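Derivation of every value follows stated rules applied to the coordinates shown; laboratory data play no part. For clarity, every value in this text was computed on a predicted model and none was experimentally measured. Because the Cβ atoms are built from the backbone with ideal geometry, glycine has one as well, and the counts that use them run over all protein chains shown.
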Amino acid sequence: MRAIRLKLFQNLVNYRKPTSFQLKETYPLPPYSTVSGMIHFACGFQEYKEMDISIQGKYYSKVNDLYTRYEFAFNSNTYDKYTICNDCKRIQQGNKKECNKCGSQNIAYKDKARGSFLSRQDILGGNFNNRNLYKNIDYVDSSEKENKGTAIIKGVATCELLVDVELLIHIRPKDEELIDIIYESFRKPQEYLSLGRREDIVRVDEIKIVDINEVEIEEDIVLEYDAYIPIEMFGIDDFNSNATTYKLNKKYKKIEIKKGTTIRQWEKVQVIHGVMNIDELAQDAILYKDEDKKLIFFA
């Protein structure tokens with residue numbers, strides 16, 4: 001059985017927890033979905049490829065950094081705007097729902113200072129997908145928020161960063177024919193690779209196709225790196241550990257909640273992190289090692 005082993009290095013990186021906003025917290029290692037996304041991007045895959053991934057690594061320290069934060073907002077009481085009737089072209093000051101002259105509700109909003117148009121639906125609904133529309137929106141410093149309404153508030157927030165991250169990643173695609181494609185894509189990438197944020201550049205220190213074998217669980221096994229270990233390997237009924245537990249995203253499928261609207265439904269993997277001694281593994285757990293005796297915990 002073959003797999004691809006990657007040794008990666010990153011200087012400063014954030015693997016953002018989905019539930020963190022004001023303080024952008026980070027996972028200690030990249031989640032499965034993040035690693036899978038990097039692989040799919042590097043290889044140019046246009047559809048999801050099934051694969052098992054093992055993630056191990058360590059970092060030197062943590063630091064906090066500032067970043068520019070944007071958030072959507074709408075305050076009709078503080079907007080300095082005119083309304084323009086698209087039917088009779090009458091201009092009126094203030095937040096109007098209908099034209100004072102003809103009674104039409106076909107109203108557009110025009111910023112007094114900017115002079116560009118936004119429809120009421122665009123403003124209230126936060127419909128900023130149109131790139132040209134997005135360019136016309138003012139960015140206002142958050143300190144001015146009380147005095148001036150804006151569609152987007154620009155301010156400062158804090159981001160948690162890991163320093164000098166070393167990663168050991170094993171990849172086992174369900175289709176073994178993809179192994180050579182993944183290998184060549186990382187050996188000669190078409191574009192710089194990142195893991196985490198787009199600016200979190202990856203340095204590939206090693207890429208190797210390795211043979212992996214199933215091994216028996218031994219006592220007093222000590223890991224070279226911290227690892228994500230699926231809880232199912234411990235036997236769920238008897239699982240009891242002081243390690244940190246995470247539910248990590250791995251892959252998603254699109255679910256249509258109403259006509260024309262879909263959401264992502266994530267398949268999650270429950271793992272533990274931070275255990276250096278793994279002799280608590282269930283006896284029937286399947287454990288692998290590669291040809292260089294590196295332990296593997298596929299999920």
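Would you mind checking the pairs Lys49/Lys250; Lys174/Lys294; Lys49/Lys258; Lys17/Lys62 and listing those with alpha carbons more than 19 angstrom apart? Provide the component values of the computation, followed by the final result.
Working: Lys49/Lys250 12 Å; Lys174/Lys294 21 Å; Lys49/Lys258 27 Å; Lys17/Lys62 15 Å.
Too far apart for the 19 Å limit: Lys174/Lys294; Lys49/Lys258.
Output ³J(HN,Hα) for segment 8-13: one whole-Hz value per residue in order, computed from phi by the Karplus curve 6.51 cos²θ - 1.76 cosθ + 1.60 with θ = phi - 60°, and x for Gly and Pro.
Each residue's phi maps through the Karplus curve to give 10, 9, 9, 7, 10, 8 Hz.
With the crude spin-label approximation of a point 7 Å out along Cα→Cβ, what separation in nm comes out for Thr19 versus Glu291?
4.3 nm
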